[in-house]
Structure formats: C-alpha cells, structure tokens
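The values are calculated or read from the model by the stated rules, or taken from the named source; none is laboratory data. Bear in mind that the values here come from a model prediction, so they are computed numbers and not experimental data. Every residue, glycine as well, gets a Cβ built from its backbone with ideal geometry; the counts of neighbours run over all protein chains shown. Ligands, DNA and RNA are stripped out before the accessible areas are found, and what is left, the full protein with its side chains, is counted by its heavy atoms. Shrake-Rupley method; radii C 1.70, N 1.55, O 1.52, S 1.80 Å.
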Amino acid sequence: LFNALNGLGNAGSDDPTVAAIANTCLYATFAVSGYLAGAAFNLLGPIPLFLVGGLTYAVYAACIYFSPYWGLLPVVGGVILGIGAGIFWAAQSSLMMLYATPNSRGSFIACFWIIFNLGGVAGGLLQFGLNYHNEGKGANAVSYFTFIAIMILGALAAPCLLAQPSSVVREDGTKVVFKCAEAPAEEIRAALLSIGDPFVQRNLLFFLASNWFYTYNFSGFNGHQFNMRTRGLNSALFWGAQMLAAWLFGKLLDARLPPVTRARRGMGLVVYFLVASLGLAIWNNSRSTCNHGHGWDKGMPCRLDYLHDFPEVGVPMVINVLLGASDAVYQNFALWLMSMAAAGDARKTVAYAAAYKGVQSLGAGCAWLLDLVGFISYRQQGIITLALAVVACLPVVPTF
C-alpha cells in the first residue's frame, strides 16, 4: 500500500516537495536502520520487527496527509518510517531467503514479490476508484484514511499469522537453524563488519542502484505526466507488471541449469529490461504529446487522461508497465544472488539482507535528495538512473 501511495507520484500529495522531503528523510534513516537491523533480528526475532515496522507505514501516510497543516510532518513521518522500514525489510528478506531450498529460491522470491505487489495493485485500483472524479492534483482524504486503516490492520495481523521461524521445515525436510544471539554490542559490531564481506563489496553499487529509479518513475514519469485518476491506474499497472515479471523470472532462476548459467542469463535480462524501459522513458520525456509536443519535465507538467487522451496516452502507459517489469527483474535478481551466496547460513543471510536494505536505501535517499534540491531535470535524473544501474551490473559478474 505504501507502494501504491508513492506510485501515484508525490506520495499522493499535490506538492512534489512534500514527497521529496519525506522520502529523503525516510531513506537516509532507512540506510542506517536497515544496515543495523540484522542485530535487531538476531536479538528479537522477526515478529516484533514486523509488528512495529508495519505500524510506522500508517504513521508516514498520516504525516503526508496532514503536512499542509504542519510543515515538519514530512520530516517526522519520513524518519519514523525509515526506522520502521529498516527493521521490517531486514526481517522479511532474511526469512524469504532462509526458507527456500537451492532449487526453489527464485520461486520463493517470486512468490513474495507477487504477494507484495498485490498490495500495490489493490492500492492503485483503490486510488483510481476513489479519485475517479477528482480533478485536483492530490489524492482525497478518503484515500489516505482508507490506506491508514488497512496498514494498521496488516501490521496487527503479523503476530497472529506468522509462524515462529524455529518451527519451519523446508520442503526438502531440513530445519531452519538460528544461532544464539550474542550480546547487543557484539551483534551491532558484527553488523558493522558485514560491509567487509567480499560478496557485499562486489555488490555495493548494484545494491545502491536498486531503488534509485523510484524517484524518476513515480514523481517524474507518473507524477508529472498524468492526471490523478490515471496515476492511480498506472500505479496498479506498474505493480501488476512486477507480479508477472517476477513469476516468469523466478522460473528462469530455478531452471534445471548450472547456477552460473542461470546467473548469466538473469544478468542479461536485467540489463535488457533496464535499457528498454528507462531508454524509452527518457525518449518519452521530450517526445511525448504533452505540452503541444514539447514533452514533460520539472516546471512543465502534463495531465494526460487514460480515457480522454486515448490513443496518445497508450505509449507512456506501456512504458510505465515496462518500468515496473524492469524493477521486478532487477530486485529479484539481487535477492536471488544473496540467497545463493548465503547458501542457507542464517547469520550470513541476515547480514546480506541488512547490508542490501541499508545500501539500497542510501541510494534511494540520494535520488530523492537530487529531486529535492531541484538543480537537475527529470530527464537528467532518468539518464543518471539508467547509467548508474547499467554500470552497477559490471562488478557483480565475478560473483557468479
């Protein structure tokens, strides 16, 4: 649902600065909390992290809605969610990779990605319906409070629905083994030292780039090119494309082929989708029918409607779908690589997941900061995003 909210562009707000401030604070905090969340996972286990972390998403949404009344709320919401999301995602990534067997890791990641993005699809369709007659630039109050209520219910469901990891048996009959947690200071020290792991070092740039493109995709491509109801529909299509791409890509990653072959083919698809999706999006920046053929960018937004501007609106909406598929392929590949490298070792899996979320959030924070300071256009942001993501693939190849 957080994805659906941000997928609208500007986090549903009518002011792009609100989303830029909130998400800069969010990902800056996330970078620290995500990196250190491995220590929290080892000390507390996953259920408290899911509960507390999940509730912070509702706080973020409330802060965005009330931000016109108090200017500091985007900062408050971003920082609180940054802390909560760090522990939430470290727990989620660790369990997902730990529960899979060597031949089912791609399928496990894909299964999670489908469930995860089902929330984005449902949220996008909800926003589409709730804002169907909304002629304003921001989502209405009903949208926000509906999301807040569902977020709270989802967080409170975690202790009721989640199995204790110690009781889980993998499909090949092996149990998930957790080593006893050390003293808090030792756990934090171990988390800090994980940056020295050779696998993490070779993947640092790949991790950094893995969420960089959300600023361009959401506040730029979707937020500056379409009206509110079409942004909601685009959000649903974006996350729906992720579900399909994850399912198909998971089959490739679990194919009965040597791991090196699967890794090479996976990387080839990652690069292909990056160039195809972001390349077309950057082309669309200046070639769109918006603004009498001058395209869209900062200071020159457009309000295309899926119905009134058909068929011209079809091309950017298809590009939006490709951007979603590209995101799924990139991140599923990163998670699969970590899962293969950790090979079922619980502490190593937790350390990789925490490093991934921490460095990933640092990159996302940098992208939102560039958007906030405003000295680069969205077209330039798109070019930076594509160049960084493709170059980041090069150091990963030796890990195969």
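So the values come out like this:
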quantity: Quotient of Cα Rg and 2.2 N^0.38 Å for the range 207-261, N being how many residues it contains; calculated: 1.54
quantity: Only Lys, Arg (+1) and Asp, Glu (-1) charged, at Cβ; the range 140-242 dipole about Cα centre in debye; calculated: 340
quantity: By accessible area with a 1.4 Å probe, ligands and nucleic acids excluded, highest first: order of Cys290, Cys160, Cys111, Cys25; calculated: Cys160, Cys111, Cys25, Cys290
quantity: Nonlocal amide H pairs with Leu304, under 5 Å, H built at 1.01 Å; calculated: Phe226, Asn227
quantity: Among Gly124, Gly38, Gly314: highest mean-square fluctuation, GNM of the chain, C-alpha pairs under 10 Å; calculated: Gly314
quantity: Virtual spin-label span in nm between Val315 and Leu394, 7 Å along Cα→Cβ; calculated: 3.2
quantity: Top of Tyr69, Tyr306, Tyr144 by mean-square fluctuation, Gaussian network on the chain, Cα under 10 Å; calculated: Tyr69
quantity: With DNA, RNA and ligands ignored, accessible area of Met300 (1.4 Å probe; Å², nearest 10); calculated: 70
quantity: Spin-label model distance (nm) - His292 vs Ala122, 7 Å beyond Cα toward Cβ; calculated: 4.6
quantity: Solvent-accessible area of Glu171 with every protein chain in place, 1.4 Å probe, in Å² to the nearest 10; calculated: 140
quantity: Cα gyration tensor of the range 1-111 - equivalent ellipsoid semi-axes, whole Å, descending; calculated: 29, 16, 10
quantity: For the chain: lysine pairs under 29 Å (alpha-carbon distance), excluding those fewer than 8 apart on one chain; calculated: 9
quantity: Cα Rg over Rh - the range 16-80, Kirkwood; calculated: 1.05
quantity: Cα centroid separation, the range 210-263 to the range 88-165 (Å); calculated: 15
quantity: Residue among Leu248, Leu161, Leu386 with the largest mean-square fluctuation in a Gaussian network model of the chain, springs linking Cα atoms under 10 Å; calculated: Leu161
quantity: Å² of accessible area per residue within the range 244-333, as computed with a 1.4 Å probe and no ligands counted; calculated: 48
quantity: Trypsin sites (Lys or Arg not before Pro) restricted to DSSP loop in the range 191-276 with at most 16 other C-beta within 10 Å; calculated: Arg256
quantity: Residues in the range 337-358 reached by a label modelled at Ile195 [backbone nitrogen below 20 Å; 7 Å Cα→Cβ]; calculated: 348-358
quantity: For the chain, the Rg and Dmax computed from alpha carbons only, in angstrom; calculated: 20.2, 64
quantity: Solvent-accessible surface (1.4 angstrom probe) belonging to His294, in square angstrom, nearest 10; calculated: 130
quantity: Carbon plus sulfur fraction of accessible area for the chain, probe 1.4 Å, in percent; calculated: 70
quantity: P(r) weight above 15 Å for the range 313-400, C-alpha pairs, percent; calculated: 72
quantity: Intensity falloff of the range 145-292 expressed as log10 I(q)/I(0), Debye formula with alpha-carbon point scatterers, at q = 0.08, 0.10, 0.16 Å⁻¹; calculated: -0.43, -0.68, -1.34
quantity: Total charge dipole magnitude, the chain, about the Cα centre, Cβ charges on Lys, Arg, Asp, Glu only, Debye to nearest 20; calculated: 740
quantity: Residue-averaged 222 nm ellipticity for the chain, from DSSP H runs of 4+ at -39500 (n - 2.57), nearest 500; calculated: -24500 deg cm²/dmol
